[in-house]
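Below is one structure, written out as structure tokens; comments come after it.
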Amino acid sequence: MTMAVGNVAQERLSKRFDKWDANGDGVLEPSDFVTEAANIARAFGETPESEKGVQLRDGFIAMFENLAQRAGVAPQGPIDRAQFLQAAGEVVEGGAATFNPVLGPVTKGIVALADKNGDGVIDDGEFAVWLQVLGLGEEEGREAFQQIDTDKSGTLSEDELLEAIRLFHTGDLDYELLG
């Protein structure tokens, strides 16, 4: 199934490809996704081998396998740029019903890393730390938190964060949430 992806989504997915192509060889492989998960875990002060690091890594591997299947390649890839844009475009343009099962495990892993007090949600302080990891400023962080906290509870649930990541990739939210 081929889907047309909007220009903003296409640009953001292309940027995502470049970020995830850790070794710069022009294709994505599971090792690129493992590297990304390890880098995120370390940025939050965890080792890639910690329980939270493994949770994130497993989410990234599952996402890679889903994209590989959509791209029509073996579960170990590789996935080239065109294949990635087509496969990831299907995920993004398929709405929450398609996006959430693919990105949900990654989001769950990110929440586990960011949630330092263990209450299952991200408060504004934890969110600020996350945005510092991504290189975003304090003011931008406050604005993003207010926009993403859709129920105005003062915390971000996994569902709110997953929806925000989806909206970023569709071009409906301008705050970078995955680095």
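The set of residues in region 115-133 that are open to solvent by less than 40 Å² (accessible area, probe 1.4 Å) and either hydroxyl-bearing (Ser, Thr, Tyr) or closer than 26 Å to SER14 by Cβ (or both) comprises TRP130, LEU131. Residues that are touching a Gly at 6+ places or on another chain (Cβ under 6 Å) and open to solvent by less than 20 Å² (accessible area, probe 1.4 Å) within region 78-114 comprise VAL106, GLY109, listed in sequence order.
Residue by residue through region 62-77, note down the ones that are open to solvent by 60 Å² or more (accessible area, probe 1.4 Å), under 12 Å from PRO30 (Cβ atoms) and not in a helix (DSSP H, G or I). Answer for region 62-77, where residues must be open to solvent by 60 Å² or more (accessible area, probe 1.4 Å), under 12 Å from PRO30 (Cβ atoms) and not in a helix (DSSP H, G or I): PRO75, GLN76. For region 22-56, enumerate the residues that are in a loop (DSSP other than H, G, I, E, B), open to solvent by less than 30 Å² (accessible area, probe 1.4 Å) and either farther than 20 Å from GLY104 by Cα or at pLDDT 95 or above (or both). Within region 22-56, PRO48, SER50 meet the criteria.
Close contacts from region 27-41, counting a first residue that is of a type in the set (Gly, Ala, Ser) and a second that is open to solvent by less than 30 Å² (accessible area, probe 1.4 Å) and not in a helix (DSSP H, G or I), with Cβ to Cβ under 8 Å and a gap of 6+ residues or different chains, come to ALA37/PRO48; ALA38/PRO48; ALA41/PRO48; ALA41/SER50. Listed by first and then second residue, the pairs with beta-carbon distance under 6 Å, at least 6 apart or on different chains, first residue in region 52-63 and closer than 19 Å to GLY120 by Cβ, second small (Gly, Ala, Ser) and assigned to a helix (DSSP H, G or I), are LYS52/ALA112; GLY53/ALA41; GLN55/GLY109; GLN55/ALA112; LEU56/ALA37; LEU56/ALA41; LEU56/GLY109; GLY59/GLY109.
Where in region 83-179 are there helices (runs of 4 or more DSSP H), lying fully within it, with 3 or more residues that are within 20 Å of GLY59 (Cα to Cα)?
Working: elements: 96-114, 124-134, 138-148, 158-170.
In region 83-179, 96-114, 124-134, 158-170 are the helices (runs of 4 or more DSSP H) which contain 3 or more residues that are within 20 Å of GLY59 (Cα to Cα).
The residues of region 111-140 that are modelled with pLDDT of 90 or more, aliphatic (A, V, I, L, M) and out of contact with any helix residue (DSSP H, G or I) (no Cβ under 7 Å at 6 or more places or on another chain) amount to a single one, VAL121.
The values are calculated or read from the model by the stated rules, or taken from the named source; none is laboratory data. Here the structure is a predicted model, which means the values were calculated and not measured. Here the Cβ is made from the backbone with ideal geometry for all residues, glycine too, and neighbour counts use every protein chain on show. Calculation scope for accessible area: heavy atoms of the full protein, side chains included, ligands and nucleic acids excluded. Shrake-Rupley method; radii C 1.70, N 1.55, O 1.52, S 1.80 Å.
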